[in-house]
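So the structure is just underneath, and the comments pick up after that.
The values are calculated or read from the model by the stated rules, or taken from the named source; none is laboratory data. The structure presented is a predicted model; accordingly, all values stated were derived computationally and were not measured. Neighbour counts run over all protein chains shown; Cβ positions are idealised from the backbone, glycine included.
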Amino acid sequence: MNCPDCGHDNIDGDDLCAACGQPLIQLDPKGSELEQTITKHTIAVLAPKKPVAVQASATAREAINDMVSHGIGCLIVERDGELVGIVTERDVLNKISEKLPLDQPVAEFMTVAPTTIDATESIAYALNTMDLGGYRHLPIVDDDGKAVGIISVRDILRFLCIRFAELRSDTK
């Protein structure tokens, strides 16, 4: 979405221009109904799950057991209540080897300082962030930087499938 004031090409769904800070909200999104849907809806409609946290000092074995017991693909990593990383099943597969026994701290293989979003961001923004970073999970943080939720590509895909079906049934 181009800023009407400075012409900067912003990500669809941004509320403010990244270059000049002017509001973009007054602009009507163009595109299909599905494109408009992901631009106008915030990630809050995805009903983000409460994140499961593990301490940075927890072992890889403990982190893996937590993911298995909760049936999830990632954990928020905290130190003294602060978000310091995210550990995913991909981290487990790609970074744990003979050189890193399962009894080492999760801090040894987590993704440090993960990209986060807040619940007011649009689905389009979340999708773009995930695509650019190659992420399958995004922690959602509050104004204090505390992890309050997590969304996955699967959550967005589920939303899109439901919305696409609604749009198709509206045209019949």
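Quick check on this structure: which one of Thr120, Thr88, Thr116, Thr111 is buried (at least 20 other Cβ atoms within 10 Å of the Cβ), hydroxyl-bearing (Ser, Thr, Tyr) and in contact (Cβ under 8 Å) with a residue 24 or more places away in the chain? Let's see the steps before the verdict.
Numbers: Thr120 fails: buried (at least 20 other Cβ atoms within 10 Å of the Cβ); Thr116 fails: buried (at least 20 other Cβ atoms within 10 Å of the Cβ); Thr111 fails: buried (at least 20 other Cβ atoms within 10 Å of the Cβ).
Within the list Thr120, Thr88, Thr116, Thr111, the selection yields Thr88.
Just to verify a result, which residue in the range 152-172, among those that are of a type in the set (Lys, Arg) and over 24 Å from Ile86 (Cα atoms), is surrounded by the most Cβ atoms within 10 Å (Cβ to Cβ)? Show your work before the answer.
From the range 152-172, those of a type in the set (Lys, Arg) are 154, 158, 163, 168, 172; that's our starting set.
Within this subset, residues satisfying the condition of being over 24 Å from Ile86 (Cα atoms) are 163, 168, 172.
Working: Arg163: 17, Arg168: 9, Lys172: 4.
Among them, the one singled out is Arg163.
Here is a list: Ile11, Ile38, Ile43. Which entry is under 15 Å from the mean Cα position of the chain (by Cα), surrounded by 12 or more Cβ atoms within 10 Å (Cβ to Cβ), closer than 22 Å to Asp143 by Cβ and of a type in the set (A, V, I, L, M, F, W, C)?
Ile43
On the given criteria, is Ile72 in the same structural domain as Arg136 (by TED's automatic domain parsing), surrounded by 13 or more Cβ atoms within 10 Å (Cβ to Cβ) and touching a Pro at 6+ places or on another chain (Cβ under 6 Å)?
Working: in the same structural domain as Arg136 (by TED's automatic domain parsing): yes; surrounded by 13 or more Cβ atoms within 10 Å (Cβ to Cβ): yes; touching a Pro at 6+ places or on another chain (Cβ under 6 Å): no.
So Ile72 fails the test.
What are the residues in the range 28-61 that are among the charged types (D, E, K, R) and closer than 16 Å to Ser122 by Cβ, if any? Talk me through it step by step, then tell me what you get.
Keep residues of the range 28-61 that are among the charged types (D, E, K, R), which gives 28, 30, 33, 35, 40, 49-50, 61.
Across the range 28-61, the qualifying residues are Asp28, Lys30, Glu33, Glu35, Lys40.
Quick check on the range 100-112. Is at least one of its residues charged (D, E, K, R) and closer than 23 Å to Gly71 by Cβ? Before you say what the answer is, go through the steps one by one.
Here is the first cut: in the range 100-112, the residues charged (D, E, K, R) are 103, 108.
Cutting the leftovers down to closer than 23 Å to Gly71 by Cβ gives us none.
So far as the range 100-112 goes, no, none of its residues is charged (D, E, K, R) and closer than 23 Å to Gly71 by Cβ.
Grab the strands (runs of 3 or more DSSP E) fully contained in the range 29-133, keeping just those with 1 or more residues being among the polar types (S, T, N, Q) and under 19 Å from Leu157 (Cβ atoms). Write out each step before concluding.
Details: elements: 53-55, 74-79, 82-88.
Fully inside the range 29-133 and qualifying: 82-88.
Is at least one residue of the range 88-105 under 17 Å from the mean Cα position of the chain (by Cα) and of a type in the set (Gly, Ala, Ser)? I'd like the intermediate steps shown before the answer.
Initial filter on the range 88-105 (under 17 Å from the mean Cα position of the chain (by Cα)): 88-91.
Next, only the ones that are of a type in the set (Gly, Ala, Ser) stay: none.
No: the range 88-105 contains no residue that is under 17 Å from the mean Cα position of the chain (by Cα) and of a type in the set (Gly, Ala, Ser).
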